[in-house]
Amino acid sequence: MQDFHSHLYGCLSPKMAQSLCLQDPAKVLASAKAAAPWDPSQTRWSWFESRYLAEFSRLPSVNLEDINSSKLDEQQITDTLMHRGPAKFSAFQARFNLLIALFPLSVWQDKVLKECFQAQIREKVSHREYRVFLDFSQKGWEQVFLTAKKINLDHAPEFSCSLVVSMPHEQEAYIRAFDCLDHYFAATPSALSVFAGVDFCMFEERYQPSAKKQMLTATRRFSSHPRKIPLLMHVGETIETISLKDSLQRIHATIDVGATRIGHGCSLVRNPGSPEDKELQAKVEEKVKSKKVLVESCPTSNSLIAGIDKPCAAEFQSKGIPYLICSDDPGILGTTLQSEHAEVKAALGKDKVREANYPEKFPFA
């Protein structure tokens, strides 16, 4: 069983986060109390805590002093981090961001990968593709590539992992991030063995896929890689601030800019509210199938964040849309890849569901 859409920090369960905190409480506390680079007037924790307060009208249950005294219990972290709704992206993001506050990328990302990989082994997931952030200090993300290489050296072929780099949406930041990767892979070509592609992070509705054509010109000239880099994009997940029509148009535009896989794609199976939406939905569906674009379907995530009642994968299968069953953020969402498959099987019937509709082996996987 393989998982091709999971966010590294989202794989941290409350118990795993507690374990990391207790490994070095002083370091965690120092990280949380450090000045936020983007707003030096606040600490990292206080900045993200204020966003949590704005979202839930209460402070997180996690108390930093309990971390320092090693009194932090799993229930505190569960109350703070486990997402059970409401079904909107900002609520999920407020929880996710607290993990970034506790475990900054430059210091912790490789340690988080080690912790998550042990969980992957326990769950008997043979391969997992982790979405990681590119930290501009360079040290953090270089270390996570080295850690992934060592993991594969020590555990393959029974268990392995690969990394997708989540890039910023803004053009200037993207080009800067891309140049970092370009130089790193030129100097360390062996790191390409665990590199699975790039995607884009944060709330998809704020950004137009069509605006990325100019940005992605840089990807086409990627000097350190002999093949075209897979482009993976979150699209069609939520319709909080946009219409179904706009969401479907974004899926169409995402394919036009070269995406080989799309994350979620829920709008392909949402109930169209008008004949025009139904016609557009059918048109985009055909484009997905004709271009053989894979949809990474995450049942629990789509329920708790996007408000989808029935697993999209069941609809994808009935419509002949290529799909993958994935876990997205299993730690925060309290799920496993096995549970995701079980949910789809329950919706379709055990004998009808296929594990996924994808080639035996992805490039870079």
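Checking the structure you have, find out if any residue of region 162-179 is within 26 Å of P25 (Cβ to Cβ) and buried (at least 22 other Cβ atoms within 10 Å of the Cβ).
no
Is it the case that some residue within region 146-155 is buried (at least 16 other Cβ atoms within 10 Å of the Cβ) and in contact with an Asp or Glu (Cβ under 8 Å, 6 or more places away or on another chain)?
Taking every residue of region 146-155 in turn, at least one turns out to be buried (at least 16 other Cβ atoms within 10 Å of the Cβ) and in contact with an Asp or Glu (Cβ under 8 Å, 6 or more places away or on another chain).
Can you name the residue in region 256-306 that is in contact (Cβ under 8 Å) with a residue 40 or more places away in the chain and over 18 Å from the mean Cα position of the chain (by Cα) and, of all such residues, is surrounded by the fewest Cβ atoms within 10 Å (Cβ to Cβ)?
My answer is D256.
Residues in region 95-150 that are of a type outside the set (D, E, K, R) and in a loop (DSSP other than H, G, I, E, B): how many?
Qualifying residue count, region 95-150: 8.
Within region 151-170, track down each residue that is assigned to a loop (DSSP other than H, G, I, E, B) and under 17 Å from the mean Cα position of the chain (by Cα).
P168, H169
Please go through (1) in contact with a helix residue (DSSP H, G or I) (Cβ under 8 Å, 6 or more places away or on another chain); (2) under 20 Å from V164 (Cβ atoms); (3) among the basic types (K, R) for K283 and return the number of the only condition it doesn't satisfy.
Here K283 meets the rest and fails (2).
Could you check, for region 101-115, whether at least one of its residues is farther than 30 Å from F56 by Cα and among the hydrophobic types (A, V, I, L, M, F, W, C)? Break it down stepwise before answering.
Here is the first cut: in region 101-115, the ones farther than 30 Å from F56 by Cα are 110, 114.
In the following step, the residues that additionally are among the hydrophobic types (A, V, I, L, M, F, W, C) were identified as none.
Scanning region 101-115 turns up no residue that is farther than 30 Å from F56 by Cα and among the hydrophobic types (A, V, I, L, M, F, W, C).
Scan region 257-313 for residues that are of a type outside the set (S, T, N, Q), in a loop (DSSP other than H, G, I, E, B) and over 24 Å from S90 (Cα atoms) and jot them down.
V257, G258, A259, P272, G273, K291, K292, V293
Among the listed residues A191, A173, A196, which satisfies the condition of being at negative phi, at pLDDT 85 or above and part of a helix (DSSP H, G or I)?
A191
Exactly one of (1) modelled with pLDDT of 95 or more; (2) touching a helix residue (DSSP H, G or I) at 6+ places or on another chain (Cβ under 6 Å) is unmet by E276. Its number?
(2)
Can you tell which of L102, L72, L113 is touching a helix residue (DSSP H, G or I) at 6+ places or on another chain (Cβ under 9 Å) and farther than 30 Å from N152 by Cβ?
L72
State which residue is farthest from L8 (Cα to Cα) when the search covers only region 314-347 and only residues that are hydroxyl-bearing (S, T, Y) and in a helix (DSSP H, G or I).
Kept after step one, since they are hydroxyl-bearing (S, T, Y), are these residues of region 314-347: 318, 323, 327, 335-336, 339.
When the remaining residues are screened for being in a helix (DSSP H, G or I), the result is 318, 339.
Values: S318: 31, S339: 18 Å.
Taking the candidates together, the pick is S318.
From the set of residues in region 106-128 that are among the basic types (K, R) and touching a residue at least 40 places away in the same chain (Cβ under 8 Å), which is nearest to V194 (Cα to Cα)?
Once the filter is applied, the top-ranked residue is R128.
Identify the single condition in (1) touching a Lys or Arg at 6+ places or on another chain (Cβ under 8 Å); (2) without any contact (Cβ under 8 Å) to a residue 60 or more places away in the chain that Q2 does not satisfy, given that it satisfies every other one.
Answer for Q2: the failing condition is (2).
Looking only at helices (runs of 4 or more DSSP H) that lie completely in region 1-91, which have at least 2 residues being among the hydroxyl-bearing types (S, T, Y) and under 24 Å from the mean Cα position of the chain (by Cα)? So that I can check it myself, show each step before the final result.
Details: elements: 14-23, 25-33, 44-56, 64-68, 74-81.
The helices (runs of 4 or more DSSP H) meeting that bar are 44-56, 74-81.
Condition (residue is surrounded by fewer than 22 Cβ atoms within 10 Å (Cβ to Cβ), β-branched (V, I, T) and under 17 Å from D329 (Cα atoms)) applied to region 126-141: is it met by at least one residue?
The answer is no, given that none of the residues of region 126-141 is surrounded by fewer than 22 Cβ atoms within 10 Å (Cβ to Cβ), β-branched (V, I, T) and under 17 Å from D329 (Cα atoms).
The values are calculated or read from the model by the stated rules, or taken from the named source; none is laboratory data. Treat the numbers as computed from the prediction; the structure is a model and nothing was measured. Glycine gets a Cβ as well: all are built from the backbone with ideal geometry, and neighbour counts include every protein chain shown.
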